[in-house]
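Visitor: Please read through the structure below; I'll follow up with questions.
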Amino acid sequence: IIDAYDTIPAVPGNTVYLTLNERLQRRVQEDLAAQIEFLRTSPTAPPEAKDADAGSVLVLEVKTGKILAMASYPDYTLSDYQMNYEEVASREGLPLLNRSLQGEYAPGSIYKPVTALAALDQEVATPYSTFFCGHVYDYFSSSGYSPRCLGAHGNINVIDALKWSCNIYFYEAG
């Protein structure tokens, strides 16, 4: 005997339901690739965006936590994976790394809704009040620390700050 396995017969009833939305999934993949290309080539993109070569998008249903779409870029086709695995595995940008599931990132923007709620609760801001985003936050500039925003949004309220993920708004509100 080389090996022995104990098997337990399957019990019907534990059904897996996929929550991915096919049309949304396709759109998210296309939009992620287009956004990275835009960042790399747009004359209006900030200088640090020119190096963008990878990204991830995860779309959740807020009330249930169901995953509706998940994309990682760069990606690959299943036929490439099956026929040219070595070539796919050695591509620049690590397309086999699923950035949505395997990436490790600083928490950053995940805290923006918390900061927004705290600012509203403490009446530091109202839904209609604005802070000015000029792209660079200069409050700490004397110490040499000048964090940036991806854009220069001008006067921006909490709703638009969440929509555009405006760093400067949340530095001020915080």
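Visitor: Answer yes or no: is there a residue in the range 96-107 that is open to solvent by less than 70 Å² (accessible area, probe 1.4 Å) and hydroxyl-bearing (Ser, Thr, Tyr).
Guide: yes
Visitor: Among the numbered conditions (1) more than 30 Å from His135 (Cβ to Cβ); (2) over 21 Å from the mean Cα position of the chain (by Cα); (3) of a type outside the set (Asp, Glu), tell me where Thr19 comes up short.
Guide: The failed condition is (2).
Visitor: Can you run down the residue pairs with Cβ atoms below 6 Å, 6 or more apart or on separate chains, where the first is in the range 87-108 and over 26 Å from Tyr169 (Cβ atoms) and modelled with pLDDT of 90 or more and the partner is assigned to a loop (DSSP other than H, G, I, E, B) and open to solvent by less than 90 Å² (accessible area, probe 1.4 Å)?
Guide: Val88/Tyr76; Ala89/Leu96; Pro95/Pro74; Pro95/Asp75; Pro95/Tyr76
Visitor: Scanning for something open to solvent by less than 100 Å² (accessible area, probe 1.4 Å), at pLDDT 85 or above, part of a loop (DSSP other than H, G, I, E, B) and not hydrophobic (A, V, I, L, M, F, W, C), does the range 9-21 turn up at least one residue?
Guide: yes
Visitor: Among the numbered conditions (1) closer than 21 Å to Glu172 by Cβ; (2) open to solvent by 50 Å² or more (accessible area, probe 1.4 Å), tell me where Tyr81 comes up short.
Guide: Result: Tyr81 fails condition (1) only.
Visitor: Follow-up. Residues that are without any contact (Cβ under 8 Å) to a residue 12 or more places away in the chain, of a type outside the set (Val, Ile, Thr) and more than 18 Å from Glu172 (Cα to Cα): does the range 111-132 have at least one?
Guide: The answer is no, given that none of the residues of the range 111-132 is without any contact (Cβ under 8 Å) to a residue 12 or more places away in the chain, of a type outside the set (Val, Ile, Thr) and more than 18 Å from Glu172 (Cα to Cα).
Visitor: Can you tell me which of (1) under 29 Å from Arg148 (Cα atoms); (2) open to solvent by 90 Å² or more (accessible area, probe 1.4 Å); (3) modelled with pLDDT under 90 is the one Glu30 doesn't meet?
Guide: Of (1) under 29 Å from Arg148 (Cα atoms); (2) open to solvent by 90 Å² or more (accessible area, probe 1.4 Å); (3) modelled with pLDDT under 90, only one is false for Glu30: (3).
Visitor: Which ones in the range 22-57 are farther than 24 Å from Val136 by Cβ and assigned to a loop (DSSP other than H, G, I, E, B)?
Guide: Asp53, Ala54
Visitor: What's the number of the only condition in (1) open to solvent by 100 Å² or more (accessible area, probe 1.4 Å); (2) assigned to a loop (DSSP other than H, G, I, E, B) that Arg91 fails to meet?
Guide: Every listed condition holds for Arg91 apart from (1).
Visitor: Look at the range 138-154 and say how many of its residues are farther than 18 Å from Ala49 by Cβ and touching a Cys at 6+ places or on another chain (Cβ under 8 Å).
Guide: So the answer is 1.
Visitor: Could you please find all residues in the range 144-158 being assigned to a loop (DSSP other than H, G, I, E, B) and either free of Cβ contacts under 8 Å to residues at least 12 places away in the same chain or small (Gly, Ala, Ser) (or both)?
Guide: Matches in the range 144-158: Gly144, Tyr145, Ser146, Gly151, Ala152.
Visitor: Also, quick follow-up: Residues being closer than 26 Å to Ser42 by Cβ and either among the acidic types (Asp, Glu) or open to solvent by less than 50 Å² (accessible area, probe 1.4 Å) (or both): count how many of those fall in the range 118-145.
Guide: 6
Visitor: Just one of (1) of a type in the set (Gly, Ala, Ser); (2) farther than 26 Å from Pro43 by Cα; (3) open to solvent by 60 Å² or more (accessible area, probe 1.4 Å) trips up Ala152, so point out which.
Guide: (2)
Visitor: Restricting attention to the range 34-76, and to residues there that are among the β-branched types (Val, Ile, Thr) and at pLDDT below 90, which single residue is least open to solvent (accessible area, probe 1.4 Å)?
Guide: For the range 34-76, the residue satisfying everything is Thr41.
The values are calculated or read from the model by the stated rules, or taken from the named source; none is laboratory data. Fair warning: this is a prediction, and the values are worked out from it, not measured in the lab. Every residue, glycine among them, receives a Cβ derived from its backbone with ideal geometry; neighbour counts consider all protein chains shown. With ligands, DNA and RNA removed, areas are computed over all heavy atoms of the protein, side chains included. Shrake-Rupley method; radii C 1.70, N 1.55, O 1.52, S 1.80 Å.
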